Amino acid sequence: MTPIITTAPAAYPVSLAELRTHLTIETQEFDARLAALIATATEMVEAKANRALVTRAYRAFVDQRNTPEGGYPDVIELPRAPLVAVQAITTVSDTGAESVFDPANYFVDTSGVVGRVCLYPGASWPASRLQNGLMIDWTAGFGSTPGAVPEMLRHAILVAAAWLYEQTGDGAGAELPAAVVHLIAPHKNWIIA
């Protein structure tokens, strides 16, 4: 399941002013480039950590299992953490008709590192098409403001953006610096999705 961002976060975890200070740049002359570096560094850190930093909305489609029994698992792990809430689970029929799955049939587990949708005992998924038969809409992130993001992850973005700023485009240094990887490590979501 590949998450698609349906509503972008309201802000990035670090500001232009913070990056200028980190790089000891006193002018706003390079702000367009620095803004692009913040966006890129944020995406790199989120991808490496498998987390959403500032809260945003996602959508993902789930295929039925390719096994003799088919169907969907009773527990579906969502690939971006921390999970805030599931807004809807929609089933899609073979004809493309959509219907919202009654939330009385499942509960949303936000208590662990990995957010999950779990069927209640006795509940079952309705019939749907084999591919992309379930559509799940959810929100994930540490909070709606940059200050809600753990400081280590904010610092990882600053270090990654500084590293990107120093790249000259000659292909040097394709891997993230070790410092960024180490800053991310305590917050990495190890889900395999």
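A few remarks follow.
- In the context of the full set of protein chains, residues of the range 97-173 present 50 Å² of accessible surface per residue (probe radius 1.4 Å, heavy atoms only).
- Here is the size of the range 1-97 from its Cα atoms: Rg then Dmax, 19.0, 64 Å.
- Amide proton proximity set for Ala140, modelled H, under 5 Å, gap of 5+: Arg56, Tyr58, Val84
- Debye equation applied to the C-alpha atoms of the chain, log10 I(q)/I(0) at 0.07, 0.08, 0.10 Å⁻¹: -0.26, -0.34, -0.50
- Solvent-accessible ranking of Val108, Val86, Val92, largest area first, probe 1.4 Å: Val108, Val86, Val92
- The range 65-84-the range 86-117 distance, computed between alpha-carbon centres (Å): 10
- Ellipticity estimate at 222 nm from DSSP helix runs (n ≥ 4, -39,500 (n - 2.57)) divided over the chain, nearest 500: -8000 deg cm²/dmol
- Each distinct pair of alpha carbons in the range 109-149 adds a 1/r term; the inverse of their mean, the Kirkwood radius, is 13.5 Å.
- Surface composition of the range 52-193: carbon and sulfur make up 55 percent of the accessible area, probe 1.4 Å.
- For GluC sites (Glu not before Pro), the sites in the range 34-114 that DSSP calls loop and that have at most 13 other Cβ atoms within 10 Å are Glu69.
- Once all protein chains are placed together, His22 keeps about 70 Å² accessible to a 1.4 angstrom probe.
- Axial C-alpha extent at least 24 Å, average Kyte-Doolittle at least -1.0 - helices from the chain (DSSP): 31-49
- Convex hull volume per residue in cubic angstrom - Cα atoms of the range 94-193: 192
- Placing Met135, Met44, Met152 in order of accessible area, with the largest value first and a 1.4 Å probe, yields Met152, Met44, Met135.
- Sorting His155, His187 by accessible area puts them as His155, His187; the probe is 1.4 Å, largest comes first, and only protein heavy atoms count.
The values are calculated or read from the model by the stated rules, or taken from the named source; none is laboratory data. Please read all numbers here as calculations on a predicted model, not as lab measurements. A quick note on method: Cβ atoms are made from the backbone with ideal geometry, for glycine too, and the neighbour counts reach across all protein chains shown. Areas reflect the complete protein model, heavy atoms only, side chains present, ligands, DNA and RNA absent. Shrake-Rupley method; radii C 1.70, N 1.55, O 1.52, S 1.80 Å.
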